[in-house]
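Notes for the one structure printed next.
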Amino acid sequence: MVTVGGCQRRHGRVSESAKRGLVMKNSELAEQFFIQIAVILLFCRVVGIVARRLGQPQVVAEMIAGVCLGPSLLGLFFPEVQAALFPWNKLTRDTQSYLYPVSQLGLALYMFIVGMEFRLDIVRSQWRSAVAVSLAGMICPFILGAGLGWYFHGHTKLFPAGSSVWGSATFLGASMCITAFPMLARIIHFKGLNGTRMGTVAIGAGAIDDACAWCLLAVVLSAMEKSPTAALYSIGGGILLVLFISLIVRPVLLKIQRWLVKGEQLTEPGLVVCLALMSLSAYATDKLGLHAVFGGFLMGTAIPRGTIVRDMTARTEPMTVALLLPLFFTFSGLNTRIGLLNTAEGWLMSLVVLAAAMAGKGISCWLAARATGVPNREAMGIGILMNARGLMELIIINIGREKGLISDELFAMLVIMAIVTTLMASPIFDRLVGPTKASS
């Protein structure tokens, strides 16, 4: 007999009475959530003050703050406080039961905004460089990541028992391919690179990279479930959704936009229609196994430019960025236990992962940009920006952890890699590239 959260467990199962004792009431969940929101938002702002002095955008500060609020820092020094503030028990309704769906809403809304600001016209004019950078940013890190996955599977315990060599290598390769698409968008905005060749090539290549990485993840998950059709379902369904939104939804929105706008302002029904379409698109990509962020982004690109985009951004961006997005970083931080890396070998492997990530992404993207005629200064900037992994890396490794693809130790290594590569982007960019000016 053992005790779990003050309740007794017999033979590996918690009794029904014990479960009922652990489950929070709706009013208690709400009270807990309000306290958590206050702590998360205030702490993120405090970290943000320090981050800005170091030349880092607020979104980077939130990523660090999320890890600090989890067991890696707060739980290490004040475990009772951390447990009381963020009660976490998979058997009950507690923090994870509501923080996860709210964090997903924040991600989908954020990517919806990124999609509305996406400059398809400039991507078309720079498609050759964007495709070349994207291919380099996928192939090189995938080869390095897959090689590490193969080695780790055979010589370490970083992958769970029973996992396949192929699945382990593919997952780590896909993790290395990731570019922090949403994070990249915030850094580009922070640096004033919106509409420039450098910013457009980077975000175009990042979008392609992340879409392909998610397709690889779909293949890995379908192999785990021994259902090859699952990968075809995800990839084929994703292509059909892109065509549906591009060829049907966007033209319809263009035709009915006069009913969504009144007096040069977006109406309330117009706001509701756009949010409903975003939600349906996010639902569709989630169902396809491609994650809600892509649905949000795709629908954002379909929203008619002009008044609708201007007012949608003005109404949704402040709440999304200030309230909802920090909740995702905290949710990820609660799953991260950097303290698990408590040996010299563990830290050495973490450094190897970091080095492979930097070499595979940053250097290869720089060389690809140069090969397509991009000036060296801008090519270096593209390579630096593409090396940031942050948000999307946290998403994909959270899924890997939930699906049992990776151990907690490897999860911690990949979190460190995501944080370090993202932290490096802004100061190295300032040092090597310096001030920028718009160019198409």
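Throughout, read-outs are computed from the coordinates displayed, never taken from laboratory work. None of these values were measured; they are calculated from a predicted model. Every residue, glycine as well, gets a Cβ built from its backbone with ideal geometry; the counts of neighbours run over all protein chains shown.
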Applying the gyration tensor rule to the Cα atoms of region 38-88 (axes a ≥ b ≥ c; rounded if a/c under 1.5, else prolate if a/b exceeds b/c, else oblate), the class is prolate
Counting only residues 5 or more places away or on other chains, whose amide H sits under 5 Å from the amide H of residue 262 once H atoms are built in the peptide plane?
267
P(r) over all Cα-Cα pairs of region 54-178, 5 Å bins from 0 to the longest distance, whole percent per bin, short to long, reads 2, 9, 9, 10, 13, 18, 18, 12, 6, 3, 1, 0
What shape does region 241-320 have by the C-alpha gyration tensor, where a ≥ b ≥ c are the square roots of the eigenvalues, rounded means a/c under 1.5, and otherwise prolate means a/b greater than b/c and oblate the rest?
oblate
Given pairs 157/361; 255/287; 191/287 and cut-off 32 Å on Cα-Cα distance, the over-length ones are 191/287
All Cα pairs of region 242-285, percent lying beyond 11 Å:
68
Would you kindly give the portion of the calculated P(r) for region 378-426 that falls above 13 Å, as a percent of all Cα pairs?
56
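What FRET efficiency would be calculated for the residue pair residue 42, residue 100, taking the C-beta separation as r and a Förster radius of 22 Å, to the nearest 0.05? Please report the intermediate quantities before stating the final value.
Values: r = 22 Å, r/R0 = 0.99.
Once the sixth-power term is evaluated, E becomes 0.50.
Of all alpha-carbon pairs in region 322-433, indicate the percentage at a distance above 19 angstrom.
52
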Please compute the modelled spin-label separation between residue 246 and residue 372, points set 7 Å along Cα→Cβ, answer in nm with one decimal.
1.6
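Quick one: length gained pulling residue 314 to residue 31 fully straight, 0.36 nm per residue minus the C-alpha distance?
Numbers: separation 283, 0.36 × 283 = 101.88 nm, distance 2.96 nm.
So the extension gain works out to 98.9 nm.
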So, in nm, how far is label residue 352 from label residue 431 when the simple model puts each one 7 Å beyond its Cα toward the Cβ?
2.6
